[in-house]
Amino acid sequence: MASLHITRVKREFREVVSSEEAQKSQIKIEIIDESDLTKLKGTVIGPPDTPFEGGTYILDIRIPDTYPFNPPKVKFVTKIWHPNISSVTGAICLDILKDQWAAAMTLRTVLLSIQALLQAAEPDDPQDAVVAKQYKGDPELYRKTAKHWAQTYAGAPKTTDDAEISAKIDTLLQMGITETKAREALSTHSWNLEAAVDSLFT
Amino acid sequence: MGYEVERFVGVVDEELFCPICGLVLDSPLQIKDCEHCFCGSCIEEWLKHQRVCPVDRTPVPPSCEGSSLTSALGPAPRILRNLLSRLRIKCENEVFGCQTVTHLEGLQLHLNQCEYNPRRPVECDRGCGSVVPMDELTQHNCIKELREKITNQSLVIKTLSDQVSILQQELSDQRQEMTILKELVRSSASSSSNSLRHTLSLLPPLPPLSSASPSSVSSSQSNYPDEVEHAIQTSQWLSLLRPARIRHWGGIISTPDSILQSIIRQALSSSGCPQYLLVELMANAHERRWPPGLSVLETRQLNRSRYEQYVTKQVPGKQAVVIMASENEHMGDNMIVSPGMVIIFAHGVD
Ligand SMILES: [Zn+2]
Ligand SMILES: [Zn+2]
Ligand SMILES: [Zn+2]
Ligand SMILES: [Zn+2]
């Protein structure tokens, strides 16, 4: 008989595929390599009425040998601007992926919890301090930035005019900065061009 | 870990699945506080990671002192156990041709005697005495099997004989140590007993040579075992005695009477001979207790030429000598007794 973690992954894969949420294309799970079920690709769709609405977020899921006694290791592959997710590494700060894990939880509950996190950030338990500060200090700017990232990286539909943002990024591009770096610097410095330039050249 | 659901005939109720392994419950236990059920092995493993219910995260009280990990767990409710035991499951040897379908509660019984079980232990029918799993019987080779047994036994024998030689080495080391200690006691016989004490104090603490002997009463230095304390007292006393010069070995009184013996005993006692030694020495003052080389007239005459080699100490003021075994090891067992003997003379000692 196969080992427990593989048995569970197979069953949970079927559970996600046949779930109501999957039917509505809210979550998805894919096997990358049939011979290695410990590496999976997850997808969650940005929930409505959030800056992430309509974005497609790819997750890297790793199943430890000790699963389900220990939680799966999950991180964002798609770049995202969110207080509980690192804008640099994609690491997620979510209690059920740490000390609040329980063996009866499944990959489906994990994906739904991550989707819920996109809906309701917890800035007091941040993974990305810069984003969390902005979230609390200037919610409007946070939404604008998060939306811009969603449109750029997660393919969220373009509903706003980003002309001003694009102009600032272009300025940095002409200075020889890569686009990713430019966007990170501007986002981090509240889209203040001078502050972003300072941070990049000092 | 539970049973694969595919093995059951008919529908299995959702309540009968283990939330941890996702399979049909095997030997279920429930958390007493929240009543959630899991396979016994699954929940025990989980509680090693976190002491909360895997479903609702209800805290599971830590096991009390002395009780097992599972004290917060109890048997699953009877109704659930009944439902499980009535499930009909296919034999796990279905792939080998077993058609048996049994109630879950009878599964183990069936497996023990399932003739399709490829691992069922059977005895070799060619007489080598081996018991092998059935699926290995066709490849089973009696000679190879027995050869392996012999190899294993040779290994055991080798280990044992290695141990024997280690023990022999230890024994001979200890013998050597004993000899050194004896030598030490003897060589200190004529020197100051304080120097012997000093030498002994440099040695590592000695294990008691005999646990049966009573502890030394006279000595203030009671941290030595009795034997060592006796050796010190003996050497102290011997060093006070003067070597005897025997002019006429023919004057030996081999059967002294009790009056003569008590005179010599008195003299020995006055000379400071330790009491325990005095008793022994006086008991050995008669030819019936002498070594074979001295025990009768004939053997005495045969060994006469060797008398001069004895190391003798005079009993002060008396025609008698003490011959200590510790000072006369060169004479051999035939000529001395332990711890020593007294020989009384009619005349010729000075
Ligand atoms: Zn519970
Ligand atoms: Zn289980
Ligand atoms: Zn069978
Ligand atoms: Zn055989």
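The values are calculated or read from the model by the stated rules, or taken from the named source; none is laboratory data. Treat the numbers as computed from the prediction; the structure is a model and nothing was measured. Note that we place each Cβ from the backbone using ideal geometry, even for glycine, and neighbour counts take in every protein chain shown. Heavy atoms of the whole protein, side chains included, go into the accessibility calculation; ligands, DNA and RNA do not. Shrake-Rupley method; radii C 1.70, N 1.55, O 1.52, S 1.80 Å.
At a glance:
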| item | result |
| --- | --- |
| Heavy-atom accessible area order for B:MET341, A:MET105, largest first, 1.4 Å probe | A:MET105, B:MET341 |
| Largest-first principal axis extents of the Cα set of chain B (Å) | 118, 58, 35 |
| Degrees separating the helix A:139-153 axis from the principal Cα axis of chain A, which is the longest one | 70 degrees |
| With all protein chains modelled, accessible area of B:PHE96 [1.4 Å, Å²] | 110 Å² |
| The stretch A:25-101-the stretch B:7-60 distance, computed between alpha-carbon centres (Å) | 26 Å |
| Loop sites in the stretch A:1-104: GluC sites (Glu not before Pro), DSSP, at most 10 other Cβ within 10 Å | A:GLU34 |
| Surface accessible to a 1.4 Å probe, A:ILE32 within the full protein complex, Å² | 110 Å² |
| Helix A:179-188 axis, angle to chain A major axis (alpha carbon atoms, nearest 10°) | 80 degrees |
| Of the trypsin sites (Lys or Arg not before Pro) in the stretch B:225-334, those whose Cβ has at most 16 other Cβ within 10 Å and which sit in DSSP loop | B:ARG245, B:ARG247 |
| Span-rule helices in chain B, defined as complete DSSP H runs reaching 30 Å or more along the axis (Cα) with Kyte mean at least -0.5 | B:142-187 |
| Value at 222 nm in deg cm²/dmol, rounded to 500, when DSSP H runs of n ≥ 4 in chain A each add -39,500 (n - 2.57) | -13000 deg cm²/dmol |
| With 10 Å bins from 0: P(r) over the stretch A:81-202, alpha-carbon pairs, percent | 12, 39, 31, 13, 4, 0 |
| Loop sites in the stretch A:1-65: trypsin sites (Lys or Arg not before Pro), DSSP, at most 15 other Cβ within 10 Å | A:LYS24 |
| Rounded to the nearest 20 debye, dipole of the stretch B:5-86 from Cβ charges on Lys, Arg, Asp, Glu | 140 debye |
| Per-residue SASA entry for A:THR159, accessible area with 1.4 Å probe, Å² rounded to 10 | 100 Å² |
| Kirkwood estimate for the protein assembly as shown, i.e. one over the average of 1/r between Cα atoms, Å | 34.4 Å |
